[in-house]
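Undergrad: Let me give you the structure first, and then I'll get to my questions.
The values are calculated or read from the model by the stated rules, or taken from the named source; none is laboratory data. What you see is a predicted model, and the numbers here were worked out from it, not measured in a lab. Positions of Cβ are generated from backbone atoms using ideal geometry, with glycine treated the same way; all protein chains shown enter the neighbour counts. The protein model used for the area step is the full one, side chains on, heavy atoms only, and it has no ligands, DNA or RNA in it. Shrake-Rupley method; radii C 1.70, N 1.55, O 1.52, S 1.80 Å.
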Amino acid sequence: MNARGTSRLRAFAARLRGLLRGTRHDEQFDDEIQEHLRLLEDRFAAEGMSRGEAALTARRQFGNTTRLREDHRALQTLPSIESLWQDVRYALRTLRRNPGFSILAVLVLSLGIGANTAVFTVADTVLFKPLAFADPDRIVSFGSVWPTRGTRSSGVSLPDAMDWRAGSSAFSTLTYYRRSRRAVIVGDAAYFADVVRTSPEFFKLLGVAPLIGRFFAPDEDSGARSVVISHDFWRTRMAQNPDVLNTTVQIDNRAMVVIGILPQGFSYPHGADLWHLTDAVKKEYQEPRATVSWSVLARLTDGVTIEQAQAQLTPIAERLEQQYPTTNAGRSVDVARLQDFMTANAKPTLFILMAAVGVVLMIACANLATVLLAKATARTNEVAVRAALGAGRGRIVAQLLTENAVLALLGGAFGALIGALGSPALLTLAPLDFPRLAEVGIDSRVFVFTLAVSVVTTVLFGLAPAMLTSRVDLNETLKRGMSRSSVGGMGRLSRVFVIGEIALSVVLVTAAGLLIRSFVALNTVELGFKPDHVLVLDVSIPGESARAALFYRELLADLSTAPGVVAAGASLGMPGRVASGGSYWIDKLPDKFTLNPFAGVYSIMMPGTLRALGIPLTRGREFNAGDTADAPKVAMINETLARREFGDQDPIGHTIIAGYDQEGPMTIVGIIGDVRQSSPLQLPNAEVLMAYEQHLRATGTGLRVLVRTQGPPEALESLVRTMVRARSTSVPMRFSTLEQSLAEYSAAPRFRTILVSGFGLIALCLAVAGIYGVLTYLVGQRTREIGLRMALGATSGTIVRMVIREGAIAAAVGMVLGVLGAVSVTRLLGTMLFQVQPYDPLTYAGGLVFLSVVTFVACYIPASRAARIDPLKALHVD
Amino acid sequence: MDIPYEHMVGSYGTSKGLTDHLKELTKAEDAVDAKKSDLLQGTLDLMILQTLHALGPLHGFGIARRLEQVSRDVLRLNEGTVYTSLMRLQQQRWITSEWGTSENNRKAKFYAITPRGRTQLETETKNWERISSVIRRVLRLQPEGEP
């Protein structure tokens, strides 16, 4: 910095110091000057002058003290900050003088800003905040994708993953894991817990440190039977015992040794309780290549981007397709940042929420702007006087903007409060599978956001009115009030704001309408089974499968005759929770075949399950007590499979081979109706149903017992519990209902629909209030003109029509713009819509009709008021 | 049409003309003042720095007396301007101030030069000497054609 720059900087710093020092300095300077004058006086007096003369001469020699004092004061301050401070004080005084308006404005602003803050708090943590791992942007996850079929899966094949790691240099560490529900016994109590089988580098890759103990050693294998426990599990199931290390828990009847406890807040995968090493360690290549059930994470090597990693992986996937055509045909791989992977489901919902609250805030700002424009009429005298006294246009605009900024900042302050209270409310409504909900909290980012929003709202609602208000023709105003051109300008701008508001609310209302229709469709879709009145019991029998088969057979026999039970069955998966799937072949295994994990759903069940779930049997018979392990293998198929493979022919009697296990061909004995197996949103897939007792080895001993009840399902819980306990004392049990587990599929749609509809309604109210306000203002301004017209013979009907036409034109233009906007925006709703098109004319029409009716009422009131104007009184108004 | 200032007194007239004209006038005045005072204040700053450097810490009255003495009444200025200089010199950190007691036991503010001030004094003195030597040389030049 050159000398001139340095001296400027020093002057600025000195002024700043002076500003902060206050008025004491001025008094001291005064004393200094007075002392100097006194000394001069004494000198002249000593030379022989009279006291009076000496004083005069001293003053003359000294010069202008007032000027000096002013200069001193001027150097002690920063003029810009002084004027800003003045403006703020003036703004507060002005706002205090209009309490009604000020309170309303602050209220509207704080609600608008508060809603935005609440949504942002949730969205920021769930979507944007970096994950709580070491260097989280370098952690990636993999997904399998079949481009030609259009399917994708978040699971990958483990031998594939090993090939990716071996064939590319993009990853420095790689870990794989698989989670499942397992029976865990701690001490005397048995629970169902989320257990994760993982490779040794899991925790090291994520970069988390243990709270107590250690994690797996890099070369440790599953033989060591080590297990790591989550903080929540340790707290709730193990009483947070500090001496937990080296104690044992049983997972599936294998004793595992506790080696470490995770810190609080660590939850990856979401909700997991225990982690142990998988048997696949060191045998990764021996896992079936067809099974795409593994989750794989990797850390990118330094300097490698995701795009580069993807570019390395795609050719490897192609090579694997050639090498293993049976399993890998058509399969490729997708790599994405872990954070993007986790938030992919929540993103659309949160984006639409943020858009909705943003729109509401904009409409609120437009409303405020129109109110400010209306009030500008009353302030022209004040502005004119200021301008006449020498205030430049910029200064006046600055002062008006400061007023609006004070409003906005007050609104922002209360808004932050509302946001802080509102985000917990949002959390309770939010679907449980949103990632990272536990991490949501108010932090500095939220405050910065609130401040930024306040600033933006100031500009949005304050700038245009400020500029218009400051543009007054001094001559006209000081003589006789507002000039006609100014009213015209303000009226035009108000109309523009109103059109904007209507357009925005059309967009929001249309989006809400589409979401409502999707939600209704979701709740009324034909599922293929009856989800009500079904009690679900997760249970896992220790010991060997023969014992388990006997257990289930006897339990179901007892249950089906118990009071209050309509039917009872047991199945590996259930609708909404597909347990297994894969390929099938009719009549014989072809010489060359490919394995497709999504060709069909495998359902393994006990007799009676169909009746328990309310699934119709359309042809043949279902499983019965005769379908034992020694009896001929039988299977059922669903209508989709029958249509797909047999067309019009009768499938009964044909055989089917499923890729589930090695039990060989099964005779098709029955056909069931189609069921939406994966979720209510997805169409039914082909299904192969097999009898549990004929596939014991592959299925294991854990099934879901499904009981259709006459009354509420929960009422039978204790009965079932007693029955199970009577047969096995230490079996873990978990009860729920089928409706509860299906509710998670409608959780996100419900969340979206309720909130967007709510915001749409608010937007509508605000827009209608806006049009009402503007029309009232315009009628007020044109009172004289209306009086004149009536005096000249216009009927009240003419006046009413005139006013309504004003409003109708603005509303019509707004609606047209709104429809155009809606058409381009609803396209983005994409996957959120179910069984309804983004351009669904019924929804659009419904929204417009609703809006028109409400707008008409809003226009009619000022119009009828205009018609009741007394022409005599109106023409006297000056 | 802008009605000139003199005719505005007492009548309503074109407010725009009035305010604009006022602004013009005050602007011009400030400009002239600025030029005149800049030059004079600059020299005063230098003289004050030299005084403080030579005589050590002084209060405002003492500085004014010394300047009166040295300039032998050639420079006649309002004594108050000394304080304007002192304010500026303080802002630039070339002098510091401290409250103390004067010769006749009264409270007075004493000003002293800082090392930075001494450097500035040196620089400014060199500048002055350079300028004055150039001017001296220019003034010794004879007009062309004259002996």
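Undergrad: Answer yes or no: is there a residue in region A:303-317 that is under 17 Å from A:PHE202 (Cα atoms), open to solvent by 20 Å² or more (accessible area, probe 1.4 Å) and assigned to a loop (DSSP other than H, G, I, E, B).
TA: Within region A:303-317, not a single residue is under 17 Å from A:PHE202 (Cα atoms), open to solvent by 20 Å² or more (accessible area, probe 1.4 Å) and assigned to a loop (DSSP other than H, G, I, E, B).
Quick grid of which residues meet (1) under 29 Å from A:THR6 (Cβ atoms); (2) modelled with pLDDT of 90 or more:
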site	(1), (2)
B:ARG76	no, no
B:THR96	yes, yes
B:GLU103	no, no
B:LYS107	no, no
B:THR125	yes, no
B:GLU129	yes, no
B:PRO143	no, no
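Undergrad: Something else now. Taking the criterion of being within 29 Å of A:THR428 (Cα to Cα) and free of Cβ contacts under 8 Å to residues at least 40 places away in the same chain, would at least one residue in region A:154-164 satisfy it?
TA: From region A:154-164, those within 29 Å of A:THR428 (Cα to Cα) are A:154; that's our starting set.
Filter once more, so that each one left must be free of Cβ contacts under 8 Å to residues at least 40 places away in the same chain: none.
Scanning region A:154-164 turns up no residue that is within 29 Å of A:THR428 (Cα to Cα) and free of Cβ contacts under 8 Å to residues at least 40 places away in the same chain.
Undergrad: While we're here: Say whether the condition of being part of a strand (DSSP E or B) and open to solvent by 60 Å² or more (accessible area, probe 1.4 Å) is met by at least one residue in region A:595-617.
TA: So far as region A:595-617 goes, yes, one or more of its residues are part of a strand (DSSP E or B) and open to solvent by 60 Å² or more (accessible area, probe 1.4 Å).
Undergrad: Do we have any residue at all in region A:111-124 that's touching a helix residue (DSSP H, G or I) at 6+ places or on another chain (Cβ under 9 Å), away from every other protein chain (no Cβ under 12 Å) and hydroxyl-bearing (Ser, Thr, Tyr)?
TA: yes
Undergrad: For region A:550-594, give me the residue count where each residue is outside any loop (DSSP other than H, G, I, E, B) and either within 44 Å of the chain's Cα centre (by Cα) or surrounded by 20 or more Cβ atoms within 10 Å (Cβ to Cβ) (or both).
TA: 19
Undergrad: List every residue pair whose Cβ atoms lie under 8 Å apart, where the two residues are 6 or more positions apart in sequence or sit on different chains, the first residue falls within region B:73-84 and is under 18 Å from A:GLU32 (Cβ atoms), and the second residue, located anywhere, is in a loop (DSSP other than H, G, I, E, B) and modelled with pLDDT under 85.
TA: As it stands, the answer is B:ASN78/A:GLY63; B:ASN78/A:ASN64; B:GLU79/A:GLY63; B:GLY80/A:GLY63; B:GLY80/A:ASN64; B:THR81/A:GLY63, since those pairs meet every condition given.
Undergrad: Tell me whether region A:321-339 contains one or more residues that are at pLDDT 90 or above, surrounded by 13 or more Cβ atoms within 10 Å (Cβ to Cβ), among the aliphatic types (A, V, I, L, M) and in a loop (DSSP other than H, G, I, E, B).
TA: Looking for residues that are at pLDDT 90 or above, surrounded by 13 or more Cβ atoms within 10 Å (Cβ to Cβ), among the aliphatic types (A, V, I, L, M) and in a loop (DSSP other than H, G, I, E, B), one finds none in region A:321-339, hence no.
Undergrad: Please go through region A:857-867 and pick out each residue that is surrounded by fewer than 16 Cβ atoms within 10 Å (Cβ to Cβ) and hydrophobic (A, V, I, L, M, F, W, C).
TA: Answer for region A:857-867, where residues must be surrounded by fewer than 16 Cβ atoms within 10 Å (Cβ to Cβ) and hydrophobic (A, V, I, L, M, F, W, C): A:VAL857, A:ILE861.
Undergrad: What number goes with the only condition from (1) under 23 Å from A:GLU544 (Cα atoms); (2) out of contact with any Asp or Glu (no Cβ under 9 Å at 6 or more places or on another chain); (3) not in a loop (DSSP other than H, G, I, E, B) that A:MET690 does not pass?
TA: (2)
Undergrad: Which one is farthest from the other protein chains (Cβ to nearest Cβ), of the residues in region A:366-395 that are more than 42 Å from the chain's Cα centre (by Cα) and among the aliphatic types (A, V, I, L, M)?
TA: The selected residue is A:ALA378.
Undergrad: Follow-up. Which number in (1) without any contact (Cβ under 8 Å) to a residue 12 or more places away in the chain; (2) in a loop (DSSP other than H, G, I, E, B) marks the one condition that A:VAL292 misses?
TA: For A:VAL292, the failing item is (1).
Undergrad: Looking at region B:83-113 only, could you name the residues that are part of a loop (DSSP other than H, G, I, E, B) and either away from chain A (no Cβ under 12 Å) or under 15 Å from A:ALA11 (Cα atoms) (or both)?
TA: B:GLN92, B:ARG93, B:TRP94, B:ASN105
Undergrad: Are there any pairs, at least 6 apart or on different chains, whose C-beta atoms fall under 6 Å, with the first in region A:16-40 and among the charged types (D, E, K, R) and the second at pLDDT 85 or above and surrounded by 13 or more Cβ atoms within 10 Å (Cβ to Cβ), and if so, which?
TA: Once the first residue is among the charged types (D, E, K, R) and sits in region A:16-40, its partners that are at pLDDT 85 or above and surrounded by 13 or more Cβ atoms within 10 Å (Cβ to Cβ) give A:GLU32/B:LYS109.
Undergrad: Could you check how many residues of region A:28-84 are open to solvent by 50 Å² or more (accessible area, probe 1.4 Å), in a helix (DSSP H, G or I) and away from every other protein chain (no Cβ under 13 Å)?
TA: 9
Undergrad: To continue, here is another question. Right, A:VAL292: closer than 19 Å to A:PRO218 by Cβ, open to solvent by less than 30 Å² (accessible area, probe 1.4 Å), touching a Pro at 6+ places or on another chain (Cβ under 9 Å) and not hydroxyl-bearing (Ser, Thr, Tyr) or not? Lay out the reasoning, then the answer.
TA: Values: closer than 19 Å to A:PRO218 by Cβ: no; open to solvent by less than 30 Å² (accessible area, probe 1.4 Å): yes; touching a Pro at 6+ places or on another chain (Cβ under 9 Å): yes; not hydroxyl-bearing (Ser, Thr, Tyr): yes.
So A:VAL292 fails the test.
Undergrad: Is it true that some residue in region A:94-115 is within 24 Å of the chain's Cα centre (by Cα), surrounded by 16 or more Cβ atoms within 10 Å (Cβ to Cβ) and farther than 20 Å from A:THR458 by Cβ?
TA: Within region A:94-115, not a single residue is within 24 Å of the chain's Cα centre (by Cα), surrounded by 16 or more Cβ atoms within 10 Å (Cβ to Cβ) and farther than 20 Å from A:THR458 by Cβ.
Undergrad: Still on this model: For A:ALA413, state whether it is surrounded by fewer than 20 Cβ atoms within 10 Å (Cβ to Cβ), under 26 Å from the mean Cα position of the chain (by Cα) and more than 14 Å from every other protein chain (Cβ to nearest Cβ).
TA: Working: surrounded by fewer than 20 Cβ atoms within 10 Å (Cβ to Cβ): yes; under 26 Å from the mean Cα position of the chain (by Cα): yes; more than 14 Å from every other protein chain (Cβ to nearest Cβ): yes.
Yes: the conditions hold for A:ALA413.
Undergrad: Read through the list (1) touching a residue at least 60 places away in the same chain (Cβ under 8 Å); (2) under 30 Å from A:ALA366 (Cα atoms); (3) more than 29 Å from the chain's Cα centre (by Cα), then give the number of the only condition that A:ARG782 fails.
TA: Among (1) touching a residue at least 60 places away in the same chain (Cβ under 8 Å); (2) under 30 Å from A:ALA366 (Cα atoms); (3) more than 29 Å from the chain's Cα centre (by Cα), the lone unmet condition for A:ARG782 is (1).
Undergrad: Considering region A:799-817 alone, what residues qualify as being surrounded by fewer than 20 Cβ atoms within 10 Å (Cβ to Cβ) and either within 14 Å of A:ARG495 (Cβ to Cβ) or among the hydroxyl-bearing types (Ser, Thr, Tyr) (or both)?
TA: Across region A:799-817, the qualifying residues are A:ARG805, A:ALA808, A:ILE809, A:ALA812, A:VAL813, A:LEU817.
Undergrad: Looking only at strands (runs of 3 or more DSSP E) that lie completely in region A:241-281, which have at least 1 residues being touching a Phe, Trp or Tyr at 6+ places or on another chain (Cβ under 8 Å), small (Gly, Ala, Ser) and crowded, with 17+ Cβ neighbours inside 10 Å? Show your work before the answer.
TA: On the way: elements: A:248-251, A:254-261, A:274-277.
Qualifying strands (runs of 3 or more DSSP E): A:254-261.
Undergrad: What pairs come up if the first residue lies in region A:299-313 and is in contact (Cβ under 8 Å) with a residue 24 or more places away in the chain and closer than 14 Å to A:ALA161 by Cα, the second is open to solvent by 70 Å² or more (accessible area, probe 1.4 Å) and not in a loop (DSSP other than H, G, I, E, B), and their beta carbons are under 6 Å apart, counting only those six or more places apart or on different chains?
TA: A:ARG299/A:SER172
Undergrad: Additional query: Determine whether region A:661-674 contains at least one residue that is surrounded by 21 or more Cβ atoms within 10 Å (Cβ to Cβ), part of a loop (DSSP other than H, G, I, E, B) and acidic (Asp, Glu).
TA: Yes, region A:661-674 has at least one match.
Undergrad: Next question, about the same structure. Against the condition over 36 Å from the mean Cα position of the chain (by Cα) and not in a loop (DSSP other than H, G, I, E, B), how does A:LEU719 come out, does it pass?
TA: yes
Undergrad: For A:LEU16, indicate whether it is under 56 Å from the mean Cα position of the chain (by Cα) and surrounded by 13 or more Cβ atoms within 10 Å (Cβ to Cβ).
TA: The answer is yes for A:LEU16.
Undergrad: Considering only region A:835-856, state which residues are part of a loop (DSSP other than H, G, I, E, B) and surrounded by 15 or more Cβ atoms within 10 Å (Cβ to Cβ).
TA: Residues satisfying the conditions are A:VAL836, A:PRO838, A:ASP840.
Here's the yes/no breakdown for (1) under 17 Å from A:ASP194 (Cβ atoms); (2) under 29 Å from the mean Cα position of the chain (by Cα):
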position	(1), (2)
A:VAL257	no, no
A:ILE261	yes, no
A:PRO269	yes, yes
A:ASP279	no, no
A:ALA290	no, no
